[in-house]
């Protein structure tokens, strides 16, 4: 079960990496296709607390900040996912009897 959680966090990071790529294009004045958003939905559903808090800092007046915002989310989700993945065995020992 902890490994599934870690994998979920890593997929969350991939989804934000996709959004960072789209944000780079938007920040440079290009239009992007909705497939960028669809790809993000394949990796995670938007609406989690961290994404909501981070998106609250996002304004349409300054699209140049979007790539960095999404890359920060990539880094945070990757870091936590890797930590949880590394702690899978100790967490499993603590979960004896949990199904």
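Spin-label model, residue 72 to residue 28: label points 7 Å out along the Cα-to-beta-carbon direction sit 2.3 nm apart.
Taking R0 as 35 Å, what's the FRET efficiency between residue 61 and residue 85 from their Cβ-Cβ distance, rounded to 0.05? The calculated FRET efficiency here is 0.35.
Once the C-beta distance of residue 94 and residue 11 is scaled by a Förster radius of 22 Å, the resulting FRET efficiency is 0.35 to the nearest 0.05.
Since every read-out is calculated from the coordinates, none of them should be taken as a lab result. Fair warning: this is a prediction, and the values are worked out from it, not measured in the lab. We place every Cβ from the backbone using ideal geometry, glycine too, and count neighbours over all the protein chains shown.
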